[in-house]
Amino acid sequence: MKLYILLYTIQSTVGCIQINVAQLLVPEGKEKRKMTKNQAVLSWLDEMIQLTTPDEVIWIDGSEEQRQKLYDEACAEGELYKLNQEKLPGCYLHRTAENDVARVEDRTFICTRTKEDAGPTNNWEDPQVMYKKLEGLFRGSMKGRTMYVIPYMMGPYGSPFSKIGIELTDSRYVVLNMMIMTRTGKKVMEELGDSADFVRCLHAKKDIDPENRYIVHFPEDNTIWTINSGYGGNVLLGKKCFALRIASNMGHKEGWMAEHMLILGLENPQGEIKYIAAAFPSACGKTNLAMLIPPEALKGYKVWTVGDDIAWLRIGKDGRLWAVNPESGFFGVAPGTSTKTNPNALATTMKNTIFTNVLLNTEDDTVWWEGLDGEPPKKGIDWKGRPWTPECGEKGAHPNSRFTAPAAQCPCISSEFEAAGGVPISAIVFGGRRAKTAPLVYEAFDWQHGVFVGATMASETTAAAAGAVGVVRRDPMAMIPFCGYNMADYFAHWLEMGKKIPNPPKIFHVNWFRLDENGKFMWPGFGDNLRVLNWILDRCEGKAKAQETAIGYLPEAADINVEGLAIDKTTLEQLLSVDKTVWKEEVESQKEFFKKFGDKLPAGIAEELAKLESRLNG
Ligand code: TSX
Ligand code: MN
């Protein structure tokens, strides 16, 4: 590294002599398609090449020709499997290593100068210590391999919301996924110009060694380094790493918000569209809600998808909160996706999609997963690459298997998906999976109370997750794994934003998962959730009634449109009831959770907790 710095200094002092360090390090003519003269990019790239020593460097230009070449090479190398091109044109299958099938929270770090800046909910290490450790792992990691340089944009082209990243990776799978999930190529470098304002992302597959797997964020220098994984959430660095962990830091500094939220537009029969942003913990069906199909009885309504996972929100000139989806694709969980649960997601994946860790149907070279419609295939190859039959007693697809599909292919994609200014948000919805505590829906009294409602979000574990069933997991704003700074400061930022937004969205909480005495779901969910969204939007317009309760404003049974729905009044009343005994226990659990933030817990949150407790006792 020292020698390199010396060389670089010589280069800059002699200025007029055009030597490119990268060309000294990479055999001449091998650094193909250099797309920029941006010195900040080139010097960083030189440094990363020096560290990882790839044999070849290829810039991703975003062309169709280069994309197809990469698919062909990936198939030739066994990295991808080409599926039935008549039934699934442009679709491919990838299998990750068995030990590399999900995000790894215990190996995810936020490296800030002080531990306090990362906060009690993140793993922390000193940046200098971590850089040193990771440099050891990255050194020579791309020897004999090709480094791909992926310039990418999060957010629409030409949008004030948008931010640029460059990911260096030795994985074609990462390149091809990034080409779906983000806007990539030459056009991004043109937008960057000679600016140094881009997120520096480095990924090496190395040995996929779980013991040395690291997903590391350096928010103070807009850098993300990840090694020893090939799984999407750990290596598609535009998504959770940039668009949530790094971007939440940027938003905190710059006065905007990066949230783990879907964005949907709800069109009424009069053709008016109102937008909702919603955060849910995992396994609540966020993608399904984002692509909801109205029930028969509510013909004339239509849901338009703006995003299924991430929202970047800014205050507009009109004083409202506006949102864009920074992504350009869906990286969705495959199992459970069917024509019943989400026909729009299924339709989106019928072409130009990468499937990861699903079952290969060897009868016709298509894909299958648990929960897909119809009979399972008679034989196939499972996610571990082994022969599979329906009788073998094992899952064909991994429970966290995925599709990576272009958002533009979604049948209900919003016309505003690429809108540079985003969409105006009328309502923010928080949700959770609660058996008894939370009613079907309630509205927060005001912004501060709404922030408290988000901060107390929780889900009860299901049999699908590891560990005990029915355990309460607190996940404020669904951001526990994704907030890139101290979560107490994050709550404070939410409270601050409320003071700055002249016309803020109203805040709500929903629970599709309330159980009756027999452990049966009381609410039909899915398309019928539209009935709840309609009450929410009517409240925003002052058109719907509500009752004041200890926890917030609740609809009465008569306030929810149940036309064409086989639900009796008692069930609906039960869904909309608040059990004060259960809620007093809930308050104790919230207190316990907030203890971890100590003195840093904002006064506004503590105040709302005290107010809730006194309302419950009053
Ligand atoms: O995605 C779901 N949503 C949101 C849909 C827009 N799921 C799937 C589980 C999460 C991945 C749901 N499951 C929802 C829901 O609203 N509700 C339920 C619970 C449920 C499951 C099955 C039925 C009803 C409710 N079946 C029948 O009533 C026949
Ligand atoms: Mn998510």
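Run the quick spin-label model on Asn99 and Glu573: label points 7 Å from Cα toward the beta carbon, then report their separation in nm to one decimal.
Inter-label distance under the simple model: 5.8 nm.
Mind checking the full-extension length gain between Ala196 and Phe521? Use 0.36 nm per residue of separation minus the Cα-Cα distance, one decimal, nm.
Extra length from Ala196 to Phe521 when fully extended: 111.8 nm.
Can you give the % of DSSP beta bridges in segment 37-163 that are antiparallel, to the nearest 5?
Looking only at bridges with both residues in segment 37-163, the antiparallel portion is about 35 percent.
From the phi angles alone, apply the Karplus equation (6.51, -1.76, 1.60; θ = phi - 60°) to segment 379-394 and give each ³J(HN,Hα) in whole Hz, x where the residue is Gly or Pro.
The phi angles translate into 8, x, 10, 7, 5, 8, x, 9, x, 9, 10, x, 7, 5, x, 10 Hz.
Looking at the P(r) of segment 357-397, how many percent of alpha-carbon pairs lie beyond 17 Å?
10 percent
Averaged over all directions, how much area does the convex hull of the C-alpha atoms of segment 566-618 cover when projected, in nm²?
Directional mean of the projected Cα hull area for segment 566-618 stands at 5.0 nm².
Kindly state, as a whole number, the per residue volume in cubic angstrom of the convex hull around the alpha carbon atoms of segment 214-339.
Cα convex hull per residue, to the nearest whole number: 126 Å³.
Based on the Kirkwood radius over alpha-carbon pairs, what is the Stokes-Einstein translational diffusion coefficient of segment 219-287 at 37 °C with 0.692 mPa s viscosity, in µm²/s?
For these conditions, the coefficient is 226 µm²/s.
State the extension gain, in nm to one decimal, for the chain segment bounded by Gln547 and Asp126, taking 0.36 nm per residue of separation less the distance between their alpha-carbons.
Details: separation 421, 0.36 × 421 = 151.56 nm, distance 5.05 nm.
Full extension of this stretch gives 146.5 nm more.
With a 1.4 Å probe and all protein chains kept in place, how do Lys205, Lys299 rank by accessible area, largest first?
Greatest to least solvent exposure: Lys299, Lys205.
Roughly how many debye, to the nearest 20, is the charge dipole of segment 183-252 about its Cα centre, given +1 on each Lys and Arg Cβ, -1 on each Asp and Glu Cβ, and no other charges?
Working: 10 positive and 9 negative charges, 69 e Å.
Using only the charged Cβ atoms, the result is roughly 340 debye.
Which is the longest part of the chain that has none of the GluC sites (Glu not before Pro) sitting in a DSSP loop with at most 15 other Cβ atoms within 10 Å? Intermediate values should be presented prior to the final figure.
Values: sites that count: Glu28, Glu77, Glu86, Glu98, Glu272, Glu363, Glu394, Glu517, Glu541, Glu556, Glu563.
In the chain, the maximal stretch lacking such sites is 99-271.
Please list Cys410, Cys392 in order of solvent-accessible area, largest first, computed with a 1.4 Å probe with all protein chains present. Present the calculation step by step, with values, prior to reporting the outcome.
Values: Cys410 5, Cys392 65 Å².
Order by accessible area, largest first: Cys392, Cys410.
Taking segment 43-137, which trypsin sites (Lys or Arg not before Pro) meet the DSSP loop condition and have no more than 15 other C-beta atoms within 10 Å? Each step should come with its number before you reach the end.
Values: sites: Arg67, Lys69, Lys82, Lys87, Arg95, Arg103, Arg107, Arg113, Lys115, Lys132, Lys133; in loops: Lys87, Arg95, Arg103, Arg113.
Qualifying residues, ordered by number: Lys87, Arg113.
Between Gln68 and Asp221, what's the calculated FRET efficiency when r is the beta-carbon distance and R0 is 51 Å? Round to 0.05.
Working: r = 36 Å, r/R0 = 0.70.
Plugging the Cβ-Cβ distance into 1/(1 + (r/R0)^6) gives 0.90.
Probe radius 1.4 Å, ligands and nucleic acids ignored: give me the carbon and sulfur share of the accessible area of segment 119-215 as a rounded percent.
44 percent
Starting from 0.36 nm per residue, how many nanometres of slack lie between Val471 and Ser338 once their C-alpha separation is accounted for?
Extending this stretch completely gives an extra 45.1 nm.
If one computes P(r) from the Cα atoms of segment 412-518, what percent of pairs lie at distances over 21 Å? Before the final figure, lay out the partial values.
Details: 2710 of 5671 pairs.
Counting every Cα pair in segment 412-518, those more than 21 Å apart make up 48 percent.
How large is the convex hull of the Cα atoms of segment 133-232 per residue, expressed in Å³ as a whole number?
Cα-based convex hull of segment 133-232, divided per residue, equals 111 Å³.
In whole percent, what relative contact order does segment 42-157 give with Cα contacts below 8 Å and a gap of six or more residues?
Relative contact order for segment 42-157 comes out at 42 percent.
Once every Cα of segment 496-618 carries one equal point scatterer and solvent is ignored, give the base-10 log of I(q)/I(0) from the Debye formula at q = 0.22, 0.23 Å⁻¹, two decimals.
-1.36, -1.39
Relative contact order (percent) for the chain, with alpha-carbon contacts under 8 angstrom and 6 or more residues of separation?
13 percent
Only Cα pairs under 8 Å and at least 6 apart count here; give the relative contact order of segment 292-450 as a rounded whole percent.
Once divided by the residue count of segment 292-450, the mean separation gives 27 percent.
Between the alpha-carbon centers of segment 542-618 and segment 477-531, tell me the distance in whole angstrom.
Rounded to whole Å, the Cα centres lie 12 Å apart.
Which of Ala550, Trp583, Phe594 sits farthest toward the positive end of the charge dipole of segment 497-618, with +1 on the Cβ of Lys and Arg and -1 on the Cβ of Asp and Glu?
After comparing all options, I get Phe594.
For segment 491-572, state which trypsin sites (Lys or Arg not before Pro) are in a DSSP loop and have at most 13 other beta carbons lying within 10 Å of their beta carbon.
Lys520, Lys543, Lys545
Keeping all protein chains in place, calculate the accessible area per residue for the chain (probe 1.4 angstrom), answer in Å².
Ligands and nucleic acids excluded, the result is 40 Å² per residue.
For segment 128-271, with the dipole built from +1 on Lys and Arg beta-carbon atoms and -1 on Asp and Glu ones, taken about the Cα centre, which of Ser171, Gly140, His203 lies farthest toward the positive end?
The Cα lying farthest towards the positive end belongs to Gly140.
Can you list residues whose amide H is under 5 Å from Asn123's amide H, if they're 5+ apart or on another chain and H is modeled 1.01 Å from N?
Distant-sequence amide H within range of Asn123: Ile110.
Beyond 36 Å, what share of the Cα-Cα pairs of the chain is found? Please give it as a whole percent.
When all Cα pairs of the chain are counted, 38 percent exceed 36 Å.
Please turn the phi angles of segment 566-574 into ³J(HN,Hα) values with the Karplus equation 6.51 cos²θ - 1.76 cosθ + 1.60 (θ = phi - 60°), one per residue in order, whole Hz, x for glycine and proline.
Once θ is set to phi - 60°, the couplings for segment 566-574 become 7, 10, 7, 4, 4, 4, 5, 4, 5 Hz.
Mean residue ellipticity at 222 nm from the helices of the chain, using -39,500 (n - 2.57) per DSSP H segment of n ≥ 4 over the full residue count, to the nearest 500 deg cm²/dmol?
Working: 18 runs with 173 residues, N = 618.
Calculated at 222 nm, the ellipticity per residue is -8000 deg cm²/dmol.
What would the Debye equation give as log₁₀ I(q)/I(0) for segment 273-418 at q = 0.10, 0.14, 0.16, 0.21 Å⁻¹, counting only Cα atoms as equal point scatterers?
Summing over Cα pairs of segment 273-418 leads to -0.40, -0.72, -0.89, -1.29.
Largest first, what is the accessible-area ranking of Met487, Met350 with a 1.4 Å probe?
Descending order: Met350, Met487.
Under DSSP H, which helices of the chain have Cα atoms covering 24 Å or more of the helix axis and a Kyte-Doolittle average no less than -1.0?
none
Modelled label-to-label distance, Ser614 and Glu272, 7 Å Cα→beta-carbon offset: nm?
3.7 nm
Please name which of Cys284, His217, Ile567 has its Cα lying farthest along the dipole of the chain towards the positive end, using unit charges on Cβ (Lys, Arg +1; Asp, Glu -1) and the Cα centre as origin.
His217
Given R₀ = 45 Å, what would the calculated FRET efficiency be for Lys82 paired with Ala420, taking r from the Cβ atoms and rounding to 0.05?
0.80
Consider a paramagnetic label point 7 Å from the Cα of Glu56 along Cα→Cβ; state which residues of segment 76-90 have an amide N under 14 Å from it.
Under cut-off, by backbone N: 76-77.
What per residue convex hull volume, in Å³, do the alpha-carbon atoms of segment 66-221 yield? Working shown, then result.
Values: hull volume 25.1 nm³, N = 156.
Per residue, the Cα convex hull of segment 66-221 comes to 161 Å³.
Let's test the formula: R0 of 56 Å, r as the Cβ-Cβ distance of Asp446 and Leu42. What FRET efficiency results, to the nearest 0.05?
My answer for the efficiency is 0.65.
Rounded to the nearest 20 debye, what is the charge dipole size of the chain about its Cα centre when +1 sits on each Lys and Arg Cβ and -1 on each Asp and Glu Cβ?
Numbers: 71 positive and 80 negative charges, 116 e Å.
Magnitude of the dipole: close to 560 debye.
The values are calculated or read from the model by the stated rules, or taken from the named source; none is laboratory data. The shown structure was predicted, so the numbers you read here are calculated from the model rather than taken from an experiment. Note that we place each Cβ from the backbone using ideal geometry, even for glycine, and neighbour counts take in every protein chain shown. With ligands, DNA and RNA removed, areas are computed over all heavy atoms of the protein, side chains included. Shrake-Rupley method; radii C 1.70, N 1.55, O 1.52, S 1.80 Å.
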